[in-house]
Amino acid sequence: MFVSGFTIVRNAIKYDYPVVESICSILPLCDEVIVLVGNSTDGTLALIQSIQSDKIKIFESVWDDSLREGGRVLAVETDKAKKLVNPSADWCVYIQADELFNDAYYNEISAAMQSNLHNKEIEGLLFSYKHFFGNFNYVANSRGYYRNEIRIVRNLPDIVSYKDAQGFRKGENKLKVKTSGGEVFHYGWVRDPETMKEKIKNFHQLWHTDDWIKAQEEAINHFDYSDIDDLLPFLDQHPKCIQNRIKEKNWPFEPKWNKEKISIKNRLLYWFESKTGYRIGEYKNYILK
């Protein structure tokens, strides 16, 4: 079994993406890792080149900044990176620059790839998610955050990145997947407030017109971490790859939110989910077999 990892990154230093840690978190599972570095202004290429691993293969790309509808450029670049994996690869492991695989589940992930290797009906493997919010001590407990997504797919040319690269499809069809037994930690909302404002501005540039961004400028500049339905304290272990970053960058954050803002409808939905584990109306870009 040959396993290729792949990821994309651009301006990781400027927007404080933990991309080195992200790559580190998939290296033990992969025979190679493709890193497609977009045209950056902050030394991102040198940062990736500094990673000490002969598994890593670095390529460069120029992003089409005119592709601003729905974050389409992210999917375009992700597909470029996937096409660079070794043609003999059986599985492709995808990681985003602000995600890490939980290293507590490497054995389960490897076993899932091996056990499904010859079951051609299965086109991908599904991971559960924890979305950290504010700092490394809190996890978002909101219906607005997806609970599962595909992060391993077969090396087939018709499996492509979907919409803004959150997941994958085969043409317009959802992939048939099994659970991987693994877990992804998403750190996209873990930054000090000023860096977070800059990251959000950049994010909107991938989605919206300059006029839209200008109209929303006041809201972006007044960003704070109080706009969240619910948070839970994280009492478990973070992956080993990110421990140093946590020591250096875990800024003091105390959650402040008003639960009275939650509508009666959402309170009922939260209550039902807490009792049954089932999320009514949950978005699922996959078919679980």
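The values are calculated or read from the model by the stated rules, or taken from the named source; none is laboratory data. The structure presented is a predicted model; accordingly, all values stated were derived computationally and were not measured. Glycine gets a Cβ as well: all are built from the backbone with ideal geometry, and neighbour counts include every protein chain shown.
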Open item on the list: Being touching a strand residue (DSSP E or B) at 6+ places or on another chain (Cβ under 9 Å) and of a type in the set (A, V, I, L, M) is the filter here; which residues of the stretch 13-33 pass it?
Closed with: Val19, Ile23, Ile26, Leu27, Leu29, Val33
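If you go through the stretch 49-84, how many residues are among the small types (Gly, Ala, Ser), touching a residue at least 40 places away in the same chain (Cβ under 8 Å) and over 18 Å from Val19 (Cα atoms)? Even if it seems obvious, please write down each step before you answer.
So the first thing to find is which residues in the stretch 49-84 are among the small types (Gly, Ala, Ser), and the list is 50, 53, 61, 66, 70-71, 75, 81.
Those still in the list that are touching a residue at least 40 places away in the same chain (Cβ under 8 Å) too: 61, 70-71, 75, 81.
From the residues that got through so far, the ones that are over 18 Å from Val19 (Cα atoms) too are 70-71.
Looking only at that region, the number is 2.
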Task: Within the stretch 140-156, considering residues that are of a type in the set (S, T, N, Q) and within 21 Å of Leu100 (Cβ to Cβ), the one surrounded by the fewest Cβ atoms within 10 Å (Cβ to Cβ) - done: Ser142
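Restricting attention to the stretch 35-84, which residues are of a type in the set (Val, Ile, Thr) and either assigned to a strand (DSSP E or B) or surrounded by 13 or more Cβ atoms within 10 Å (Cβ to Cβ) (or both)? If you could, list the steps in order and put the result at the bottom.
Restricting attention to the stretch 35-84, the residues satisfying the condition of being of a type in the set (Val, Ile, Thr) are 35, 37, 41, 44, 48, 51, 56, 58, 62, 73, 76, 78.
Listed by number, the residues that qualify are Val35, Val37, Thr44, Ile48, Ile51, Ile56, Ile58, Val73, Val76, Thr78.
Residues are listed down the side, and each one gets a yes or a no for (1) in contact with a strand residue (DSSP E or B) (Cβ under 9 Å, 6 or more places away or on another chain); (2) surrounded by 17 or more Cβ atoms within 10 Å (Cβ to Cβ); (3) closer than 30 Å to Asn116 by Cα:
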residue	(1), (2), (3)
Asp158	yes, no, yes
Gly167	yes, yes, yes
Lys174	yes, yes, yes
Ser180	yes, yes, yes
Phe185	yes, yes, yes
Asp192	no, no, no
Thr195	no, no, no
Ile200	no, yes, no
- [ ] Filter the stretch 6-34 down to residues that are over 24 Å from Ala104 (Cα atoms) and of a type outside the set (Lys, Arg) and give me whichever is surrounded by the most Cβ atoms within 10 Å (Cβ to Cβ).
- [x] Ile8
Task: Pairs, first within 18 Å of Tyr283 (Cβ to Cβ) in the stretch 111-134, second acidic (Asp, Glu) and not in a helix (DSSP H, G or I), C-beta under 8 Å, six or more apart - done: Leu126/Glu149; Phe127/Glu149; Phe127/Glu183; Ser128/Glu183; Tyr129/Glu149; Tyr129/Glu183; Lys130/Glu183
TODO: Please enumerate the residues belonging to the stretch 1-24 that are farther than 11 Å from Val93 by Cα and small (Gly, Ala, Ser).
DONE: Ala12, Ser22
TODO: Assess whether Ile26 counts as being closer than 21 Å to Val160 by Cβ, assigned to a helix (DSSP H, G or I) and at pLDDT 95 or above.
DONE: yes
